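As C-alpha cells, the structure follows; a few thoughts come after it.
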Amino acid sequence: MWKFANIEVKNKVVLAPMAGVTFYSYRKFMSQFNVGLFYSEMVSDCGLIYENKMTLSYLKTDVNEHPFGVQLFGNNADTIIKAIEIVKQSGCQCDFIDINLGCPVDKVTKAGSGSALLKDVKYLKDMMEKICHASPWPITAKIRLGIDEKHINFFEVINALQDAGVSMIALHVRTKKQLYSGKADYSIIKDLGQKMKVPLIVSGDIYTLDDAIHAIETSKASAVMIARGGIGNPTLCRQIDRFYQDGTRLKDATLDEQKQYCLQLAKMMCDDKGEEVAMRIFRSIGPRFFAGFNNSKQLRVAIASKITTYQELVELLKNYQELTI
C-alpha cells in the first residue's frame, strides 16, 4: 500500500487514462483484475464548460473503481478551475483531479495543452499553483520526459509541480516527439522516486510482469501505469499485484479465459453504450485478446472488420480453436 495526499492505494497497479479506451464500462471490467488506481479518459476543460454531452459522459463512475481520478486537459488555470467546479457540481464521485501535461498528439498540443505545456516551466508552475489552490480535491499530473531529446526537462518540471502543490506525478518515459514509438528508456530516471517529495508512477512499454518489475525497480516508483500493454491482457494487472504481494508469478490467461474476458467486456460495453456503438468501438479492442495465439490472425481480422452485434462475436469465438503448428 502507498499513499498520496489523503488517498490510500492498495497496490502498485494503475490503470492509465487512455482516450477512447478507459470509458466507464472498460474501467468497470478492469476493476476485477486488482487495479489499485483508476483514471477517466482525458476530459477537455472547454468540453465541460460548453456542456458537450459526450464530454460530460466521461464523468460516470462505478463504486468498485476507487480511488478514481478525472483527468482534465487545458492550457489555462481559469478554464481548468471552471471545469473542476463543473465536475464537483455534477456529483462525480472522484477522489482526485489529474492534469494532463503529457499528451503528445497534435490536436491537443497545437492548442497549447498536454505536453506542449512542458516548454514553459514558469507558466506551468503558475498555472498549477492556481489550480491546486482552488481545487477541492488533490491535484496530480501526468508528464513526459520533455519535448524532444534535446529538451529533456522532466526533473525541472517535477520540482516545479511539487512546489506548486501537486500530490503525485505520473511520468511516461518518452518525449513528446517520440509519441508512442521507440523504446521507453527507464535508465534515464534511475532512482527518481527516491529523489522526489511526492509519489511517482511510471509508464511506458509495460507489456509483461518483467517489464513492470524492471520499471519499478529501476525508477523506485510507487506504482506502474498499465496502458496499451493491458488492452486485451487484463491478467497482467493481477500478475503484477500478486508478484508484489508474495512473489508468486501467475501464468498468462488461457485461450478459454481470454474468450470469456472478451465476451464479458463486449457485453458490459453493450449495456453501457448500446450495441451498435459498443461493437463499433470494440472492433479496435477485441482483437487484442487473441494476440499471440496460434493461427489467430483470421479471428482478429474478423473481429476488427466484420462484427456488428454481440451475438456475431459469440458465434465467432465459439468456432475458434487454437491450432498448434
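The values are calculated or read from the model by the stated rules, or taken from the named source; none is laboratory data. What you are looking at is a predicted structure, and each value in this text was computed from that prediction instead of being measured. Every residue, glycine as well, gets a Cβ built from its backbone with ideal geometry; the counts of neighbours run over all protein chains shown. Keep in mind that these areas ignore ligands, DNA and RNA; they rest on the heavy atoms of the full protein, side chains included. Shrake-Rupley method; radii C 1.70, N 1.55, O 1.52, S 1.80 Å.
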Computed from the beta carbon distance with a Förster radius of 22 Å, FRET efficiency for residue 311 and residue 228 to the nearest 0.05 stands at 0.15
Taking 285-297, 203-215 and ranking on average Cβ neighbours within 10 Å, highest first, one gets 203-215, 285-297
Residues meeting the amide H criterion for residue 170 (H placed from the backbone, H to H distance under 5 Å, 5 or more places apart or on another chain) are 141, 142, 143, 201
Burial-style ranking of 25-37, 266-278, average other-beta-carbon count within 10 Å with highest first, yields 25-37, 266-278
Plugging the Cβ-Cβ distance of residue 220 and residue 123 into 1/(1 + (r/R0)^6) at R0 = 25 Å yields, to the nearest 0.05, a FRET efficiency of 0.25
Expected field for residue 222, accessible surface area in Å² at 1.4 Å probe radius, rounded to 10, holds 30 Å²
Lys and Arg at +1, Asp and Glu at -1: neighbours of residue 25 with Cβ under 13 Å from its Cβ sum to -1
Checking the stretch 118-169 for GluC sites (Glu not before Pro) in a loop per DSSP with at most 12 other beta-carbon atoms within 10 Å yields 149
Taking 0.36 nm per residue of separation between residue 110 and residue 180 and subtracting their Cα-Cα distance, the length gained on full extension comes to 23.4 nm
Rounded to 0.05, the calculated FRET efficiency for the beta carbons of residue 280 and residue 53 at R₀ = 22 Å is 0.75
In degrees, nearest 10, the alpha-carbon axis of helix 255-273 is tilted away from the dominant principal axis of the alpha carbons of the chain by 60 degrees
Taking Lys and Arg as +1 and Asp and Glu as -1, residues besides residue 158 with C-beta under 14 Å from its C-beta add up to +3
Rounded to the nearest Å, the spacing of the alpha-carbon centers of the stretch 261-325 and the stretch 8-41 is 21 Å
Stretched fully, the stretch from residue 245 through residue 190 gains (0.36 nm per residue minus C-alpha distance, one decimal, in nm) 17.5 nm
Simple spin-label estimate for residue 63/residue 159, 7 Å along Cα→Cβ, in nm, reads 4.7 nm
The extension gain from residue 321 to residue 301, computed as 0.36 nm times the residue separation minus the Cα-Cα distance, is 5.7 nm
Measuring from the longest principal axis of the C-alpha atoms of the chain, the long axis of helix 77-90 (C-alpha) lies at a number of degrees, nearest 10, equal to 50 degrees
As a percent rounded to 5, the proportion of antiparallel DSSP bridges among beta bridges in the chain is 10 percent
In the structure shown, of 110/142; 12/88; 183/259; 119/142; 12/267, the pairs separated by more than 21 angstrom at the C-alpha atoms are 12/88; 183/259; 12/267
Once Lys and Arg are counted +1 and Asp and Glu -1 for all other residues with Cβ under 13 Å from that of residue 318, the total becomes -2
